[in-house]
Amino acid sequence: CILRPGDHRFIKHESYIFYKQSRIVEADALMRGVRDGDMVDRGPIDSAVFDRIVKGLKISPHTTPQILRFYESSQG
């Protein structure tokens, strides 16, 4: 999934999602990381951009089965 300037205010040049390095992290750990200054909250992304990212997640040969199962189980 290619991300371009305008897809999010944080994206300044053409970038991509590296699905091979996807990992599952508890929400509390992410919130703790932001609170402690180890991570920076860059704000939400547009739903259309999120849909493109998810589409790539589903078709990428680099998405691990564990990640795909986790995503699919979250969709009810």
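At 0.36 nm per residue, minus the direct Cα-Cα distance, what do ILE24 and SER47 gain on full extension? Give it in nm, one decimal, please. Write out the running numbers ahead of the final one.
Values: separation 23, 0.36 × 23 = 8.28 nm, distance 2.06 nm.
Full extension of this stretch gives 6.2 nm more.
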Item to complete: Return the long-range amide H neighbours of LEU3 (sequence gap of 5 or more, or a different chain), with a cut-off of under 5 Å between placed amide H atoms.
Response: SER15, TYR16, ILE17
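What's the local net charge at ARG32, with K and R +1, D and E -1, over the other residues with C-beta under 15 Å away? Please report the intermediate quantities before stating the final value.
Numbers: positive: ARG35; negative: GLU26, ASP28, ASP36, ASP38, ASP41.
Around ARG32, the charge tally is -4.
Within the chain, report the GluC sites (Glu not before Pro) that DSSP leaves as loop and that have at most 16 other Cβ atoms within 10 Å.
On the way: sites: GLU14, GLU26, GLU72; in loops: GLU14, GLU26.
Within the chain, the qualifying GluC sites (Glu not before Pro) (loop, at most 16 other Cβ atoms within 10 Å) are GLU14, GLU26.
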Worksheet item: Using a probe of 1.4 angstrom, how much of the accessible area of the chain is carbon and sulfur, in percent?
Response: 55
Discussion item. Using the Cα centre of the chain as the reference point, and only Cβ charges (+1 on K/R, -1 on D/E), how large is the resulting charge dipole? Debye, rounded to the nearest 20.
Written reply: 240
Worksheet, complete the sentence: Karplus-derived 3J(HN,Hα) from phi for the stretch 30-43 (6.51 cos²θ - 1.76 cosθ + 1.60, θ = phi - 60°), whole Hz, x at Gly and Pro, runs 5, 5, 5, x, 5, 4, 7, x, 7, 10, 10, 6, 9, x
Item to complete: Give the range of the longest stretch in the chain that excludes all chymotrypsin sites (Phe, Trp or Tyr not before Pro) found in loop regions by DSSP and having at most 12 other beta-carbon atoms within 10 Å.
Response: 19-76
Worksheet item: With the other protein chains left in place, how much accessible area per residue, in square angstrom, belongs to the chain at a 1.4 angstrom probe?
Response: 82
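Near TYR19, within a Cβ-to-Cβ distance under 12 Å, what is the net charge of the other residues, with Lys and Arg +1 and Asp and Glu -1? Kindly include the intermediate steps, with their values, before the conclusion.
Working: positive: LYS20, ARG23, LYS55, LYS58; negative: none.
Residues near TYR19 contribute +4 overall.
Which of the trypsin sites (Lys or Arg not before Pro) found in the stretch 32-61 are loop residues per DSSP with 12 or fewer other Cβ atoms within 10 Å of their Cβ? Provide the component values of the computation, followed by the final result.
Details: sites: ARG32, ARG35, ARG42, ARG52, LYS55, LYS58; in loops: ARG42.
Here the trypsin sites (Lys or Arg not before Pro) that fit, given the DSSP loop and packing criteria, are ARG42.
With all pairs of different alpha carbon atoms counted, what Kirkwood hydrodynamic radius in Å does the chain show?
Numbers: mean 1/r = 0.0718 Å⁻¹.
Here the Kirkwood hydrodynamic radius works out to 13.9 Å.
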Fill in: From phi via Karplus (6.51, -1.76, 1.60), per-residue ³J(HN,Hα) for the stretch 11-21 in Hz, x at Gly/Pro
7, 9, 8, 3, 9, 8, 8, 9, 4, 4, 9
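The values are calculated or read from the model by the stated rules, or taken from the named source; none is laboratory data. A quick note: this is a predicted structure, and the numbers were derived from the prediction, not measured. Reconstructed Cβ throughout: ideal geometry from the backbone, glycine too, with neighbour counts over all protein chains shown. Accessible surface areas use protein heavy atoms only, side chains included; no ligands, DNA or RNA. Shrake-Rupley method; radii C 1.70, N 1.55, O 1.52, S 1.80 Å.
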